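Undergrad: The structure is given below, and queries will be raised subsequently.
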Amino acid sequence: MIDASIRNQFPILHQEVNGHPLVYLDSAASSQKPLAVIEAIEEYYKHNHSNVHRGVHTLGTQATDAYEGARERVRAFINATVAEEIIFTRGTTTALNLVASSYGDANVGEGDEIVLTPMEHHANLIPWQQLAKRKGATLRYVELTPDGRVTLEAVEAVLSDRTKIVAMSHVSNVLGTINPIQEIAKLAHEKGAVMVVDAAQSAPHRKLDVQALDCDFLAFSGHKMLGPTGIGVLYGKKALLKQMEPVEFGGEMIDYVDLHESTWKDIPYRFEAGTPIIAGAVGLAAAIDFLEDLGLENVEAHERALASYAIEQMKTIEGIEIYGPEERVGLVTFNLGDVHAHDLATVLDMQGIAVRAGHHCAQPLMRLLKQSSTARASFYLYNTKEEVDRFIEGLRQTKEYFNYEF
Amino acid sequence: MSFNNLDMLYRQVIMDHYKNPRNRGVIEDGVTVDLNNPTCGDSLRLQLQVEDGIVKDAKFEGEGCSISLASASMMTQIVKGKSVDEALQLADIFSQMVQGKDYDTETFDLGDIEALSGVSKFPARIKCATLAWKALEKGVDEEA
Ligand SMILES: Cc1ncc(COP(=O)(O)O)c(C=O)c1O
């Protein structure tokens, strides 16, 4: 059980927006940060900061310990075998681009196929599009069920002996669908393809186990899981990472440099050119501590309960259309009659309620839903039932406002 | 709950243009400009017929929120019959207005478009209001 006192840990939530107490329902875009994370970063800068892996002085060692300690923390969080499998990146986007540029360029050739779904975030779509263009490869899309799920049969239907990569979100940021990654990874492996998982929307909410999922690569962002912006993770199986070429070059990633030739450090450093995101990693480690202290199963249960309650209440409002399957994580994407999602979001904002409106970086999915725009309310561990009530009341007010005006 | 601020944004005349758009449609032999607002998915197609430096006709199609579609409707209404220079001047005035800056109310009878001045209080919505005017600027530029 997570009770409302957890909100005391999140200073940003205690403010008024447009004269009303803030109701923040946009955590799927970016979560708010607890004091523990803010303070861990402050502590680091006040006492331990320096560059890492350089110099022999004491602060250098402290900073290196903090950074490498965070890597170990992430390893344990996703149950990777060894810390070398954890590469710090700027976020999910950078991590997926790294896989597409490095692994993709080396392993995908003309006529090969990359399997995706139409529910992918642009971050897990465009890097593959670009790779396919560079190499003359083809993108194959898994057909979704009408309620927005991926079935194993549909995946099998697009897999072939030419499939080199299967890239899929673990959880959809629009539909809230949870994809059966473990089973899909098995199918991908049977065809000799690698499984790439966009875990941006699952890492904040559920226990990840990369060994159980048996995925080859997995990416997520710190800022969606209570951590700071500018830090993310790429997990890759050691055997694969070891074969891969770096995509960025410079300091920190080299072994030996000559005027005309250089050699690279071992993994993970080979993929972390330049001064790394040290404070970001420290903040992410603190976020993971916070989540694990609460228990991810409790976090997920809390959000799901809020989403179910919200959906039940929303269904009592005439004109509400909800997208996505019955079985879903703690987010709800919807439209309210002919009120455009932007207009809806503006009227809710006037009541202090923050929701997302737009295409959610998933334009192909919007076309499939035949919507140019939708609104999304996403719930996190600090949201409460009272806030859901405010949201529902906000929807009613919005409807009334536009009915009156129209 | 009172929505005084909102009433500044969603004035009756705006909702009227949204519900009953003027100049919605296509011009067979016009200049065509397609513009998207990539942050939100609004998309607009503006078509212009310009002869001897005069905007003879302007029509639009597209998808978007009330603000972007009402703005397109009002824009096509006011620029019709204006010279290209005047249309560009209007685009400038409109841009000043929605950013909450002082704007010229003397040169033209701004008519309905002034109803959109309330947008300046909603920074997240300024781009919605200016989309059609951006398309206009691009269109007359191509025509020139
Ligand atoms: C499913 C999914 N993938 C990828 C991303 C991209 O994450 P980031 O912008 O942190 O790189 C997001 C976040 O918007 C997302 O929801």
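The values are calculated or read from the model by the stated rules, or taken from the named source; none is laboratory data. Fair warning: this is a prediction, and the values are worked out from it, not measured in the lab. Cβ: placed from backbone, ideal geometry, glycine included. Neighbour counts: every protein chain shown.
A quick yes/no check of all residues on (1) surrounded by 24 or more Cβ atoms within 10 Å (Cβ to Cβ); (2) closer than 26 Å to residue A:205 by Cα; (3) within 12 Å of another protein chain (Cβ to nearest Cβ):
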{"position": "A:300", "(1), (2), (3)": "no, yes, no"}
{"position": "A:312", "(1), (2), (3)": "no, yes, no"}
{"position": "A:321", "(1), (2), (3)": "no, yes, no"}
{"position": "A:324", "(1), (2), (3)": "no, yes, no"}
{"position": "A:329", "(1), (2), (3)": "yes, yes, no"}
{"position": "A:339", "(1), (2), (3)": "no, no, yes"}
{"position": "A:342", "(1), (2), (3)": "yes, no, yes"}
{"position": "A:345", "(1), (2), (3)": "yes, yes, yes"}
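One line per residue, one yes/no per condition, for (1) part of a helix (DSSP H, G or I); (2) over 30 Å from residue A:371 (Cα atoms):
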position	(1), (2)
A:250	no, yes
A:260	no, yes
A:266	no, yes
A:284	yes, yes
A:291	yes, yes
A:302	yes, no
A:313	yes, no
A:328	no, no
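Undergrad: Right, here's the next one. Out of all the residues in the range A:25-75, which are more than 16 Å from the ligand (Cβ to nearest atom), within 26 Å of residue A:199 (Cβ to Cβ) and not in a helix (DSSP H, G or I)?
TA: Residues satisfying the conditions are A:34, A:52.
Undergrad: Hey, among A:203, A:188, which residue is surrounded by 24 or more Cβ atoms within 10 Å (Cβ to Cβ) and either within 14 Å of chain B (Cβ to nearest Cβ) or more than 16 Å from the ligand (Cβ to nearest atom) (or both)?
TA: A:188
Undergrad: Still on this structure: Checking residue A:146 against (1) part of a loop (DSSP other than H, G, I, E, B); (2) at pLDDT 95 or above; (3) not charged (D, E, K, R), which test does it fail?
TA: (2)
Undergrad: Of the conditions (1) closer than 24 Å to residue A:338 by Cβ; (2) free of Cβ contacts under 8 Å to residues at least 12 places away in the same chain, residue B:141 satisfies every one except a single condition; which number is it?
TA: Evaluating residue B:141 over (1) closer than 24 Å to residue A:338 by Cβ; (2) free of Cβ contacts under 8 Å to residues at least 12 places away in the same chain leaves (1) as the failure.
Undergrad: Going by the structure shown, is residue A:245 more than 11 Å from the ligand (Cβ to nearest atom) and farther than 19 Å from residue A:98 by Cα?
TA: Answer is no for this residue.
Undergrad: Now for a separate question. Taking the conditions exactly as written (basic (Lys, Arg) and within 14 Å of another protein chain (Cβ to nearest Cβ)), does residue A:385 satisfy them or not?
TA: So residue A:385 fails the test.
Undergrad: Ok, one more. For residue B:123, all conditions in the list (1) away from chain A (no Cβ under 14 Å); (2) surrounded by fewer than 14 Cβ atoms within 10 Å (Cβ to Cβ); (3) without any contact (Cβ under 8 Å) to a residue 40 or more places away in the chain hold save one; what is the number of the exception?
TA: So residue B:123 meets the others, but not (1).
Undergrad: Of the residues A:176, A:222, which single one is within 16 Å of the ligand (Cβ to nearest atom), buried (at least 24 other Cβ atoms within 10 Å of the Cβ) and farther than 25 Å from residue A:83 by Cα?
TA: Criteria check complete, one pass: A:176.
Undergrad: So which residues in the range B:63-85 are surrounded by fewer than 24 Cβ atoms within 10 Å (Cβ to Cβ) and either closer than 20 Å to residue B:124 by Cα or of a type in the set (Phe, Trp, Tyr) (or both), if there are any at all?
TA: Once the filter is applied, which keeps residues that are surrounded by fewer than 24 Cβ atoms within 10 Å (Cβ to Cβ) and either closer than 20 Å to residue B:124 by Cα or of a type in the set (Phe, Trp, Tyr) (or both), the range B:63-85 yields only B:63.
Undergrad: So, in the range B:14-50, exactly how many residues are outside any loop (DSSP other than H, G, I, E, B), more than 23 Å from residue A:375 (Cα to Cα) and within 11 Å of chain A (Cβ to nearest Cβ)?
TA: 1
Undergrad: Which residues, taken from the range A:83-120, are within 16 Å of the ligand (Cβ to nearest atom), touching a strand residue (DSSP E or B) at 6+ places or on another chain (Cβ under 7 Å) and not in a loop (DSSP other than H, G, I, E, B)?
TA: Selection gives A:87, A:88, A:89, A:92, A:94, A:95, A:96, A:98, A:99, A:116.
Undergrad: Taking the conditions exactly as written (more than 24 Å from residue A:230 (Cα to Cα) and aromatic (Phe, Trp, Tyr)), does residue A:323 satisfy them or not?
TA: For residue A:323, the condition - more than 24 Å from residue A:230 (Cα to Cα) and aromatic (Phe, Trp, Tyr) - is met.
Undergrad: Let me ask something else. Inside the range A:169-186, can you point out the residues that are farther than 19 Å from residue A:324 by Cβ and small (Gly, Ala, Ser)?
TA: Hit for the range A:169-186 is A:185, nothing else.
Undergrad: When you check residue A:362 against the structure, is it modelled with pLDDT of 95 or more, under 23 Å from the mean Cα position of the chain (by Cα) and more than 8 Å from chain B (Cβ to nearest Cβ), yes or no?
TA: In short, no.
Undergrad: Now for a separate question. Quick one: how many residues across the range A:58-82 are within 18 Å of residue A:276 (Cβ to Cβ) and either without any contact (Cβ under 8 Å) to a residue 24 or more places away in the chain or surrounded by fewer than 16 Cβ atoms within 10 Å (Cβ to Cβ) (or both)?
TA: 10
Yes or no, residue by residue, for (1) in contact (Cβ under 8 Å) with a residue 60 or more places away in the chain; (2) away from chain B (no Cβ under 14 Å); (3) within 13 Å of the ligand (Cβ to nearest atom):
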{"site": "A:124", "(1), (2), (3)": "yes, yes, yes"}
{"site": "A:129", "(1), (2), (3)": "no, yes, no"}
{"site": "A:136", "(1), (2), (3)": "no, yes, no"}
{"site": "A:159", "(1), (2), (3)": "no, yes, no"}
{"site": "A:197", "(1), (2), (3)": "no, yes, yes"}
{"site": "A:211", "(1), (2), (3)": "yes, yes, no"}
{"site": "A:214", "(1), (2), (3)": "no, yes, no"}
{"site": "A:229", "(1), (2), (3)": "yes, yes, yes"}
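Undergrad: Here's a follow-up. Return yes when residue A:270 is basic (Lys, Arg) and assigned to a helix (DSSP H, G or I) and no when it is not.
TA: Yes.
Undergrad: I need the full set of residues from the range B:51-93 which are outside any helix (DSSP H, G or I), farther than 16 Å from residue B:17 by Cβ and in contact with a helix residue (DSSP H, G or I) (Cβ under 6 Å, 6 or more places away or on another chain), in order please.
TA: Of everything in the range B:51-93, those that are outside any helix (DSSP H, G or I), farther than 16 Å from residue B:17 by Cβ and in contact with a helix residue (DSSP H, G or I) (Cβ under 6 Å, 6 or more places away or on another chain) turn out to be B:53, B:55.
Undergrad: Just name the residue that is farthest from the ligand (Cβ to nearest atom) out of those in the range A:353-394 that are in a loop (DSSP other than H, G, I, E, B) and among the small types (Gly, Ala, Ser).
TA: Top of the filtered list is A:372.
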